[in-house]
Amino acid sequence: NSTPGAVIHYTIDGTTPTPSSPVYTGPFTVTQSRTVKAMATASGMANSNVASTSYTIKVATPSLSPAGGTFSQPQTVTIGVSTPGANIRYTTDGSTPTGSSPLYTGPISVTQTTTVRAIGTKSGLANSDVVSATYTLRAVTPTFNPPGGNYLLPQLVSISSATPGVTIHYTTNGSTPTTSSPVYSGSILVILTTTIKAIAVKPGWSQSTEGSATYRFLL
């Protein structure tokens with residue numbers, strides 16, 4: 001305060017300061033969200049107007065590991081926050097987390113395409129910003145055994161994907177397979193030059209990229 005000899009009284013609980021409020025004697029630390037109010041008094045003078053300012057202390061934004069992306073197998077997601085004593089609240093259904101969302105207590109198993117969102121909370125502090133990551137699980141591209149190539153004799157071709165529990169759809173006429181294409185259920189006998197194409201699908205996962213193999217027979 002610029003008035004010589006003035007005494008500053010202040011509060012940190014949002015109440016209006018009076019001459020009986022604590023006397024300011026030097027800088028103090030604000031460790032949680034506070035509204036600081038102050039007024040100056042001096043003998044023989046009217047009290048100053050009240051000055052007020054609010055300090056919002058937020059929890060640090062949580063971090064997700066691994067980062068979001070496309071994966072060929074289920075992921076174990078961990079969430080951390082650097083603010084000591086903070087709790088983490090999260091969702092896996094795409095909604096925005098709040099202070100009443102599930103409490104994070106340990107790694108989250110992601111077994112299908114999922115968006116994880118999280119916030120940090122702590123008493124006296126504002127909630128953190130929301131962190132979000134999408135984990136896209138994509139089925140592994142089907143492979144063929146034997147592989148495509150030139151052969152003298154008919155071939156019995158099997159199709160597989162490294163992703164457990166998939167359904168494989170295929171074509172033998174060179175067209176692009178879809179989920180309406182025949183379902184692979186056993187080895188395919190190839191006796192003429194043929195191009196086999198296949199995709200792998202699984203509920204909750206993204207469809208695989210297309211696998212293709214051409215079998216040519218030499219005269």
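Of the residues making up the range 29-49, those that are more than 30 Å from Lys122 (Cα to Cα) and either surrounded by 10 or more Cβ atoms within 10 Å (Cβ to Cβ) or among the aromatic types (Phe, Trp, Tyr) (or both) are Met39, Ala40, Thr41, Ala42, Met45, Asn47, Ser48.
For the range 141-157, the tally of residues that are open to solvent by less than 30 Å² (accessible area, probe 1.4 Å) and over 30 Å from Leu219 (Cβ atoms) stands at 0.
Of all residues in the range 152-177, exactly one satisfies the criterion of being part of a strand (DSSP E or B) and more than 15 Å from Ile188 (Cα to Cα), namely Thr167.
With respect to the conditions (1) under 30 Å from Ser54 (Cα atoms); (2) open to solvent by 40 Å² or more (accessible area, probe 1.4 Å), Arg138 falls short on a single one, namely (1). Return the pair list, or none, for Cβ contacts closer than 7 Å from residues in the range 1-28 that are more than 26 Å from Gly124 (Cα to Cα) to residues that are exposed (fewer than 12 other Cβ atoms within 10 Å of the Cβ), at least 6 apart or on different chains. Short answer, once both residue conditions are applied: Val7/Val23. When the range 99-111 is limited to residues that are loosely packed, with under 12 Cβ neighbours inside 10 Å and modelled with pLDDT of 95 or more, the one that is nearest to Thr136 (Cα to Cα) turns out to be Ser109.
The residues of the range 126-135 that are in a loop (DSSP other than H, G, I, E, B) and either open to solvent by 50 Å² or more (accessible area, probe 1.4 Å) or touching a Cys at 6+ places or on another chain (Cβ under 7 Å) (or both), listed by number, are Asn127, Asp129, Val130.
Of all the residues that make up the range 153-179, how many are touching a residue at least 24 places away in the same chain (Cβ under 8 Å) and in contact with a strand residue (DSSP E or B) (Cβ under 7 Å, 6 or more places away or on another chain)? Within the range 153-179, residues that are touching a residue at least 24 places away in the same chain (Cβ under 8 Å) and in contact with a strand residue (DSSP E or B) (Cβ under 7 Å, 6 or more places away or on another chain) number 18. Being surrounded by fewer than 16 Cβ atoms within 10 Å (Cβ to Cβ) and of a type in the set (Val, Ile, Thr) is the filter here, so list the residues in the range 165-194 that pass it. The answer is Thr167, Thr176, Thr178, Thr179, Val183, Ile191, Thr193. Criterion first (in contact (Cβ under 8 Å) with a residue 24 or more places away in the chain, within 37 Å of the chain's Cα centre (by Cα) and surrounded by fewer than 11 Cβ atoms within 10 Å (Cβ to Cβ)) does Thr53 satisfy it? So Thr53 fails the test.
Take the conditions touching a Ser or Thr at 6+ places or on another chain (Cβ under 9 Å) and among the β-branched types (Val, Ile, Thr) and apply them to Thr113. Does it pass? Considered against the rule, which asks whether it is touching a Ser or Thr at 6+ places or on another chain (Cβ under 9 Å) and among the β-branched types (Val, Ile, Thr), Thr113 comes out as yes.
The values are calculated or read from the model by the stated rules, or taken from the named source; none is laboratory data. Since this is a predicted model, take the numbers as computed values, not measurements. Quick reminder, even Gly has a Cβ in these numbers, built from the backbone with ideal geometry, and neighbours come from all protein chains shown. Please note that ligands, DNA and RNA were not included when accessible areas were found on the heavy atoms of the full protein model with its side chains. Shrake-Rupley method; radii C 1.70, N 1.55, O 1.52, S 1.80 Å.
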